[in-house]
Structure formats: C-alpha cells, structure tokens
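The values are calculated or read from the model by the stated rules, or taken from the named source; none is laboratory data. Everything numeric here is computed off the predicted structure, so don't read it as measured data. When we count neighbours, we look across all protein chains shown, and the Cβ atoms used for this are built from the backbone with ideal geometry, even at glycine.
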C-alpha cells in the first residue's frame with residue numbers, strides 16, 4: 001500500500017493509505033486534504049478526518065468516483081503518517097544531515 005492523494009468527482013482530495021481492487025479503492029484512515037492560506041499569505045495544507053466513524057478506519061470508494069491519483073513528496077507522506085497513519089517516517093535525501101552523506 002502507498003499513501004497517495006485521490007481526487008474524487010465531488011472535488012474533494014482524500015489522502016490515504018490505500019489499495020485498489022476490481023470494485024474501486026479501499027482507504028485506511030483517510031483524511032480530507034484542505035488547502036488554506038496561512039497568516040503570512042502563503043498557501044498551506046491541513047488534514048481533516050474523512051468518515052471518522054468508519055469501522056477500523058476502513059472506507060471503500062467505488063472506482064467511478066475517483067478521477068485521479070497523485071503521488072506525494074516524502075514530507076507530505078510523513079505528515080500524514082504522523083497524524084493518521086502508522087507513525088513511520090520515511091527519510092528523504094533532503095532530510096539526511098550532510099555529515100551522514102559521506
């Protein structure tokens with residue numbers, strides 16, 4: 001499974017660890033990805049629970065309702081995992097201290 005953003009036909013962006021089958025997608029601990037403007041005028045992202053009452057955090061979305069899948073950078077995956085997912089962080093090249101790259 002891989003954490004991705006899934007664009008729904010409703011316009012919502014769902015970030016989740018998911019998998020697909022013949023019916024559609026099964027998302028584990030999905031969250032809405034909400035874009036918002038910060039106080040200093042930049043654009044940032046926030047997460048809001050999606051279907052917070054789902055049993056075991058498992059949600060099925062049928063294939064006809066997903067219009068796209070978006071790969072994420074490591075920082076976004078780590079933030080999702082910290083809040084909603086496994087808690088496991090992925091080390092990226094930009095996060096490794098220069099002293100360890102020798």
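Applying the set (1) over 26 Å from residue 22 (Cβ atoms); (2) surrounded by 12 or more Cβ atoms within 10 Å (Cβ to Cβ); (3) modelled with pLDDT of 90 or more to residue 66 leaves exactly one unmet item: (1). Of all residues in region 29-39, those being modelled with pLDDT of 90 or more, out of contact with any helix residue (DSSP H, G or I) (no Cβ under 6 Å at 6 or more places or on another chain) and over 13 Å from residue 7 (Cα atoms) number 0. Taken over region 83-102, residues that are assigned to a helix (DSSP H, G or I) and either at pLDDT 90 or above or under 30 Å from residue 23 (Cβ atoms) (or both) amount to 1. The set of residues in region 59-75 that are in contact with a strand residue (DSSP E or B) (Cβ under 7 Å, 6 or more places away or on another chain) and farther than 11 Å from residue 25 by Cβ comprises 67, 68, 70, 71, 72.
Checking each residue in region 1-17 for being at pLDDT 90 or above and assigned to a strand (DSSP E or B) picks out 3, 4, 5, 6, 7, 8, 13, 14, 15, 16, 17.
The one condition from (1) modelled with pLDDT of 90 or more; (2) in contact with a strand residue (DSSP E or B) (Cβ under 6 Å, 6 or more places away or on another chain) that residue 55 does not meet is (2). Taking region 17-46 as the region of interest, how many residues are surrounded by 17 or more Cβ atoms within 10 Å (Cβ to Cβ) and free of Cβ contacts under 8 Å to residues at least 60 places away in the same chain? Result for region 17-46: 9.
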